[in-house]
1. Give me the Debye-computed log₁₀ of I(q)/I(0) at q = 0.16, 0.17 Å⁻¹ for segment 46-117, equal point scatterers on Cα only, no solvent, two decimals.
2. Highest mean first, what order results for 68-76, 41-49, 15-23 on Cβ atoms within 10 Å?
3. Give the shape of segment 1-60 as rounded, prolate or oblate, defined through the alpha-carbon gyration tensor: a ≥ b ≥ c are the square roots of its eigenvalues, a/c under 1.5 means rounded, and otherwise the shape is prolate if a/b is larger than b/c and oblate if not.
Amino acid sequence: MYTIDVTVRDDAATDTSGSVIVVYDPDAGTANIDGSTATLPGALVSEPNAAGHIWLHNTAQYQTRSATTPAGQGKAWTDGTSFRLEPSSLEWLVLNKEGKVASRGTGTSTSGPATPG
């Protein structure tokens, strides 16, 4: 992943704009991530007294060498709340030799049962 910044100057003004360029290898492998991190009171605006953990599940891979978008899913939820982040689509996936994973997609925040999962 590379960030490219372009700056344009003239006699009156200067403006800079940036963009992220993602280079990926469809043969790099599969991402399978499950984990959690602490959620402090106030972190979830819709339920400010909620505390516990936010859980994450993400699986993704490029199905074929010629695929331009990965297949898979990613979701998140917070213990004891109705917060759920459900996936709509994955846009890209990067896996590096050090085992780091980056992905981008879209999703919607929904209400659900007040139990993990």
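1. Result of the Debye calculation: -0.64, -0.70.
2. On the way: 68-76: 16.0, 41-49: 12.0, 15-23: 9.2.
Highest mean packing first, the order is 68-76, 41-49, 15-23.
3. On the way: a/c = 6.05, a/b = 1.46, b/c = 4.14.
Verdict is oblate for segment 1-60.
Bear in mind these aren't lab numbers, they're just calculated from the coordinates by the rules spelled out. Nothing here was measured: the structure is a model prediction, and the numbers come from that model. With ideal geometry, Cβ positions are generated from the backbone for all residues, glycine too; neighbour counts draw on all protein chains shown.
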